[in-house]
1. Going residue by residue through region 140-154, is there one that turns out to be aliphatic (A, V, I, L, M), under 18 Å from the mean Cα position of the chain (by Cα), surrounded by fewer than 14 Cβ atoms within 10 Å (Cβ to Cβ) and assigned by TED's automatic domain parsing to the domain that holds GLU78?
2. Return yes when LYS51 is over 21 Å from TYR161 (Cβ atoms) and either among the basic types (Lys, Arg) or surrounded by 15 or more Cβ atoms within 10 Å (Cβ to Cβ) (or both) and no when it is not.
3. Please specify each residue of region 171-191 satisfying the condition of being at pLDDT below 80 and over 20 Å from ASP144 (Cα atoms).
4. Mind checking which residues of region 162-182 are in a helix (DSSP H, G or I), surrounded by 12 or more Cβ atoms within 10 Å (Cβ to Cβ) and either in contact (Cβ under 8 Å) with a residue 60 or more places away in the chain or not assigned by TED's automatic domain parsing to the domain that holds ALA92 (or both)?
5. May I ask you to verify whether ALA92 is within 17 Å of SER61 (Cα to Cα), at pLDDT below 80 and part of a helix (DSSP H, G or I)?
6. Determine, yes or no, whether SER105 is touching a residue at least 40 places away in the same chain (Cβ under 8 Å), assigned by TED's automatic domain parsing to the domain that holds MET141, more than 24 Å from GLY156 (Cβ to Cβ) and assigned to a helix (DSSP H, G or I).
7. Scanning for something in contact (Cβ under 8 Å) with a residue 60 or more places away in the chain, surrounded by 15 or more Cβ atoms within 10 Å (Cβ to Cβ), under 14 Å from VAL183 (Cβ atoms) and not basic (Lys, Arg), does region 60-80 turn up at least one residue?
8. Considering (1) over 27 Å from PRO104 (Cβ atoms); (2) assigned to a helix (DSSP H, G or I), say which one ASN129 fails and leave the rest.
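The values are calculated or read from the model by the stated rules, or taken from the named source; none is laboratory data. As the structure is a prediction and not an experimental result, all values here were calculated from the model. Heads up, the Cβs are rebuilt from the backbone with ideal geometry, glycines too, and the neighbour counts pull from every protein chain shown.
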Amino acid sequence: MKVSNADIRDRVILTTRELLRKRGLKGWNMDLLAQEAGLAKNTLYKIIVSKERLLEEVILSKMREDLVQIEQILDEEEDYEKAVSRITKRFADLVKDNFDYVIPSIYLEYPALEKNVRAAQKEIYTSLNAFILKGIAKGVMRDDVSPEFVLDLAEGIVLHYYRSGCTGEKFETAFQSAMDCLVNGLRRNQQPH
C-alpha cells in the first residue's frame with residue numbers, strides 16, 4: 001500500500017506536536033523529527049520546506065481542530081449557559097496537555113508566524129463572535145460589552161497562563177477559575193422580583 005504525501009504530512013505534523021509537547025521549541029531539530037516520524041531527512045524536506053513553515057502548519061492544524069470542537073458544541077447545545085460552560089471546559093481540556101504553551105516562544109523565535117496565525121484566527125473568532133452576540137440578544141450576557149472585548153479578555157487570560165509557565169492540571173485549574181470569573185462578570189445582572 002502506497003503512502004500519500006498527505007499521510008506523511010499528517011504524520012510529520014502529529015510528530016512535531018509531540019516533540020513540542022515533550023521538548024519545547026528548542027529541544028529538537030529536523031534530524032530528530034525525521035527519525036521520530038520514521039522518515040529519511042531528504043523525504044522530510046520534500047514534504048516540509050522549513051521548520052518555520054512546519055510550525056505554522058502545526059499551529060494552523062491545531063486551530064482547525066479546535067474550531068471543529070467549538071462548532072460541535074455550538075451546534076449541539078441549545079442551552080446558552082451550558083454551551084458557555086462546555087466551551088470553557090473543552091478549551092481547557094484542549095490546551096492543558098498540549099503544545100500550546102510553546103506558542104508564545106514560537107512567536108518570539110519566528111515573529112512573522114504570529115501575523116499569519118492571527119489572520120487564520122478570524123474563522124474561530126467569527127463563530128465565537130456570533131455566539132457572544134446570541135448571548136447578548138437572549139439577555140444572558142451584558143449588553144455593554146462587545147464580542148471583541150470578551151475575546152480579547154479570554155485571549156489575555158490564556159496568554160497570561162502560557163507565559164507564566166503554567167501547564168497540565170495547574171493550567172486547567174487556573175484557566176477554568178479565571179474563565180469562570182470572566183463569564184460570571186459578563187452575565188447580565190438579574191433584577192430581584
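1. No, the conditions are met nowhere in region 140-154.
2. Details: over 21 Å from TYR161 (Cβ atoms): yes; either among the basic types (Lys, Arg) or surrounded by 15 or more Cβ atoms within 10 Å (Cβ to Cβ) (or both): yes.
Criteria met by LYS51.
3. Scanning region 171-191 gives PHE171, GLU172.
4. TYR162, PHE171, GLU172, PHE175, GLN176, MET179, ASP180
5. no
6. no
7. Yes, because at least one residue in region 60-80 is in contact (Cβ under 8 Å) with a residue 60 or more places away in the chain, surrounded by 15 or more Cβ atoms within 10 Å (Cβ to Cβ), under 14 Å from VAL183 (Cβ atoms) and not basic (Lys, Arg).
8. It is condition (1) that ASN129 fails.
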